[in-house]
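The values are calculated or read from the model by the stated rules, or taken from the named source; none is laboratory data. Quick caveat: nothing in here was measured; it's all calculated off a predicted structure. Here the Cβ positions follow ideal geometry from the backbone for every residue, glycine too, while neighbour counts run over all protein chains shown. In case anyone asks, the SASA skips ligands and DNA or RNA and just uses the protein heavy atoms, side chains included. Shrake-Rupley method; radii C 1.70, N 1.55, O 1.52, S 1.80 Å.
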Amino acid sequence: MKKSLMFVMSIVLVFTLAACGGNNGGTAGGNNSTNGTNEGAGTNTNTGAGNEGTDAAADLSGSYLATGSSALQPLVDQAAQMFMEKNSGVTIQVQGGGSGTGLAQVSEGQANIGNSDVFAEEKLDADKAAELKDHQVAVVAMAAVVNPEVTVDNLTKQQLVDIFTGTITNWSEVGGADQKIVIVNRPASSGTRATFEKYALGTKAEDLQGMIQEDSSGTVKKLVGETPGAIGYLALSYLDDTVKTVKYEGVEATEENVANGTYPVWAYEHMYTKGEPDAALQAFLDYMVSDEVQNGVVVELGYIPVSKMQITRDIDGNVTNK
Amino acid sequence: MARSVEREKRSKHLVEEWVGRVYTLICVGLLVLTIFSMVYFVASKGLSTFFRDGVNPIDLFTGVKWAPESEPPLFGALPFIVGSFSTSILAALIAAPLGFCAAVFIVELMPKFGRKVLQPVIELLAGIPSVVYGFVGLSVIVPFFRDIFPGQGLGLAAGGVVLSIMILPTITTIATDALAALPSGLKEGSYALGSTRWQTIYRIVLPTTLPALLTGIVLGIARAFGEALAVQMVIGNAPHIPRSLFESASTLTSAITLSMGNTIMGTAHNNALWTLALILLTMTFVFVFIVRWLERRSKV
């Protein structure tokens, strides 16, 4: 009886201590475990203490946390796995949580990398955003998609604006059958929606009565594919036969059209660091834009490699040829 | 000799006494600390909407327009509050009769089959992850509603149906316990006076166990109120008060899960989401108080 009591007590004590350790990331630097819940440990940069047993050949070491955009998460995660195989001294944890979370955490120093679908300036205060260094690792393009039974093939910018602000409510007004338009939008805070509003609409969409809002691309695709008269927008990597892609101002949403600048609805995927990254982190960010990742994982996951872009675009939308 | 044994015994007693006492105190202390810090955290975040961002509480509770990213931002949370209450109550309206009938079946009609098969099966429902409910709702209930009712199938009705299945185990389990605890003298007396089985269930069992049944229903509503993921997938998430049961709507939880990750801590939008969380927390407290009040009444 007494022994089992002591056992339970010691377990409780261990948990309490573990919780305390997690709170001050500074002392937990030796903890190189991939424990996803213990964020504090992952944020500590380059404490040599935890990496004594590392391969002599790998001169880079440290444990890092990348957090933010769930759209970018699979790409960073796969690249990080590959990078860690080559550099056994480096540990990189990748977590989701949304662009806002990523930017906030990197700005506050809780994470080493903040993954974001949008420019930091669009979410953070100017002085906070100025501290962050932008690393553009991929391009994601979006296309308006409709239910396969909708007969419309092309929508102009003005028609899209009218649809998403509720001026046009029937497909017959844009050359389709007499059918009610069902909008499948994203929440107002979403990075995907911000990109679509900025580059496809040029204005804010309204949260209309009766519209559907979903956060995940999978759900948007399912609903657009099943709901008669539905319209939504998806990243190119999600497109398949269950939904119909419409042209934007007569331009088809293809990789070439994005790369040469004729199709405007796309955004950079950003990985932000606070100030200049240290050696190991810089190596990882270089690896992200290396040919191996850009022509490998980036293409596999449906992004467009940054290296293929013939143009660059700044936060205000000014396009320059490379 | 005898004295030293006794002293040893006494000191052993003392040690055990103190070990138990200290252990309990540590546990209770941790528990209280956790609860208070949770409440403090949510409250301090949620209230900063009013104190720091200067949103008028009356506008928040009665406003019908939620546009936190527009200029100027509008924080009308009434559509979410209405959505949360209507889905939960709808779920309870569907689940309560089902749960009561299942309990009657388990306790009164076929105790052997009921206890062995039906009850475990219903309790199994509680173990299914909510994302599975959401996906089943999206793949089965939404297309079904879309085909037979006007609208897109998403909405309060779909949310209510999904939630009703989720809260069925809570209601059934509590109703079964209440029915089983009913003194058999009451039923036997009723039978002796010549009532049929249904008359006994309807006139005797139902009224006497009503407070306990209500406890189950309120607990079910509380569970439905706090459910986020499954509801978010089937309700449509338009920040408006819907005009029908089959039109896209929102709940407090769906609004929070939809935007929490995309907003930045400390911004007005993020704080407003914490205010929604605070409303949820407060409502849960209210539900707990209702349950306690019902329990007190059922003892009298």
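Quick one: B:Lys65 ticks every box in (1) within 11 Å of another protein chain (Cβ to nearest Cβ); (2) under 23 Å from B:Phe285 (Cβ atoms) except a single one, so which number is it? With respect to (1) within 11 Å of another protein chain (Cβ to nearest Cβ); (2) under 23 Å from B:Phe285 (Cβ atoms), B:Lys65 is out only on (2). Applying the condition of being open to solvent by 40 Å² or more (accessible area, probe 1.4 Å) and within 13 Å of chain B (Cβ to nearest Cβ) to segment A:98-134 and asking which residue is nearest to B:Thr263 (Cα to Cα) yields A:Lys123. Of the residues in segment A:202-209, at least one is within 27 Å of the chain's Cα centre (by Cα) and of a type in the set (S, T, N, Q).
Each row is one residue, and each column tells you yes or no for (1) touching a helix residue (DSSP H, G or I) at 6+ places or on another chain (Cβ under 8 Å); (2) closer than 29 Å to B:Leu281 by Cα.
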| position | (1), (2) |
| --- | --- |
| B:Glu6 | no, no |
| B:Leu31 | no, yes |
| B:Phe36 | no, yes |
| B:Val42 | yes, yes |
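Could you tell me whether any residue of segment B:202-222 is within 30 Å of A:Ser190 (Cα to Cα), under 19 Å from the mean Cα position of the chain (by Cα) and touching a residue at least 12 places away in the same chain (Cβ under 8 Å)? Yes, the conditions are met somewhere in segment B:202-222. The single condition from (1) within 14 Å of chain B (Cβ to nearest Cβ); (2) open to solvent by 50 Å² or more (accessible area, probe 1.4 Å) that A:Lys221 fails is (2).
In the list B:Thr170, B:Thr176, B:Thr215, which residue meets the criterion of being farther than 30 Å from B:Phe135 by Cβ and of a type in the set (Val, Ile, Thr)? It would help to see each step written out before you state the result.
Details: B:Thr170 fails: farther than 30 Å from B:Phe135 by Cβ; B:Thr176 fails: farther than 30 Å from B:Phe135 by Cβ.
None of the others qualify; the one that does is B:Thr215.
Put simply, of A:Lys274, A:Lys308 the only residue that is among the basic types (Lys, Arg), in the same structural domain as A:Ala79 (by TED's automatic domain parsing) and touching a Lys or Arg at 6+ places or on another chain (Cβ under 9 Å) is A:Lys274.
Select from segment A:276-305 the residues that are among the charged types (D, E, K, R) and part of a loop (DSSP other than H, G, I, E, B) and write down the one among them that is nearest to A:Thr91 (Cα to Cα). Once the filter is applied, the top-ranked residue is A:Asp278. Among the residues making up segment B:17-40, those that are open to solvent by 90 Å² or more (accessible area, probe 1.4 Å) and either more than 30 Å from B:Thr275 (Cα to Cα) or assigned by TED's automatic domain parsing to the domain that holds B:Ile279 (or both) are B:Glu17, B:Trp18, B:Arg21, B:Leu25.
Scanning segment B:235-258 for residues that are more than 8 Å from every other protein chain (Cβ to nearest Cβ) and over 18 Å from the mean Cα position of the chain (by Cα), we see that the one that is surrounded by the most Cβ atoms within 10 Å (Cβ to Cβ) is B:Ala249.
A quick yes/no check of all residues on (1) in the same structural domain as B:Gly236 (by TED's automatic domain parsing); (2) within 12 Å of B:Ser164 (Cα to Cα); (3) open to solvent by 40 Å² or more (accessible area, probe 1.4 Å):
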{"position": "B:Ser84", "(1), (2), (3)": "yes, no, no"}
{"position": "B:Ala91", "(1), (2), (3)": "yes, yes, no"}
{"position": "B:Ala103", "(1), (2), (3)": "yes, no, no"}
{"position": "B:Leu118", "(1), (2), (3)": "yes, no, yes"}
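Of note, A:Gln282 does not satisfy the criterion of being touching a residue at least 24 places away in the same chain (Cβ under 8 Å) and not basic (Lys, Arg).
Could you go through segment A:201-217 and let me know if any residue there is in a helix (DSSP H, G or I), free of Cβ contacts under 8 Å to residues at least 24 places away in the same chain and within 21 Å of B:Gly134 (Cα to Cα). No, segment A:201-217 has no match at all. For segment A:47-63, the criterion of a residue being under 27 Å from A:Ala188 (Cβ atoms), at pLDDT 85 or above, crowded, with 24+ Cβ neighbours inside 10 Å and more than 13 Å from every other protein chain (Cβ to nearest Cβ) is satisfied by no position. Look at (1) under 27 Å from B:Trp66 (Cβ atoms); (2) touching a Gly at 6+ places or on another chain (Cβ under 8 Å) and you find that A:Tyr233 fails only one, number (2). So in segment B:263-290, with the set limited to residues that are in a loop (DSSP other than H, G, I, E, B) and surrounded by fewer than 18 Cβ atoms within 10 Å (Cβ to Cβ), which one is nearest to the other protein chains (Cβ to nearest Cβ)? Looking at residues that are in a loop (DSSP other than H, G, I, E, B) and surrounded by fewer than 18 Cβ atoms within 10 Å (Cβ to Cβ), I get B:Met265. Here A:Thr203 passes the criteria (1) open to solvent by less than 10 Å² (accessible area, probe 1.4 Å); (2) within 13 Å of chain B (Cβ to nearest Cβ) except the one numbered (1). Residue pairs whose Cβ atoms lie under 6 Å apart, sitting 6 or more positions apart in sequence or on different chains, and linking a residue in segment B:71-90 that is over 18 Å from B:Thr257 (Cβ atoms) to a partner that is crowded, with 21+ Cβ neighbours inside 10 Å, are B:Gly76/B:Trp66; B:Ser86/B:Leu156; B:Leu90/B:Gly160.
Yes/no matrix, rows are residues, columns are (1) among the hydroxyl-bearing types (Ser, Thr, Tyr); (2) surrounded by fewer than 19 Cβ atoms within 10 Å (Cβ to Cβ); (3) under 22 Å from A:Ser216 (Cβ atoms):
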| position | (1), (2), (3) |
| --- | --- |
| B:Ala126 | no, yes, no |
| B:Val142 | no, no, yes |
| B:Pro150 | no, yes, no |
| B:Leu154 | no, no, yes |
| B:Met166 | no, no, yes |
| B:Ile174 | no, no, no |
| B:Leu179 | no, no, no |
| B:Leu182 | no, yes, no |
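Taking the criterion of being more than 11 Å from A:Gly229 (Cβ to Cβ), away from chain B (no Cβ under 14 Å) and either touching a residue at least 24 places away in the same chain (Cβ under 8 Å) or in a loop (DSSP other than H, G, I, E, B) (or both), the only residue of segment A:171-185 that qualifies is A:Gly175.
With in a helix (DSSP H, G or I), out of contact with any strand residue (DSSP E or B) (no Cβ under 9 Å at 6 or more places or on another chain), among the hydrophobic types (A, V, I, L, M, F, W, C) and away from chain A (no Cβ under 14 Å) as the only criterion, which of B:Leu210, B:Leu182 stands out? Talk me through it step by step, then tell me what you get.
On the way: B:Leu182 fails: in a helix (DSSP H, G or I).
After ruling out the rest, the residue left standing is B:Leu210.
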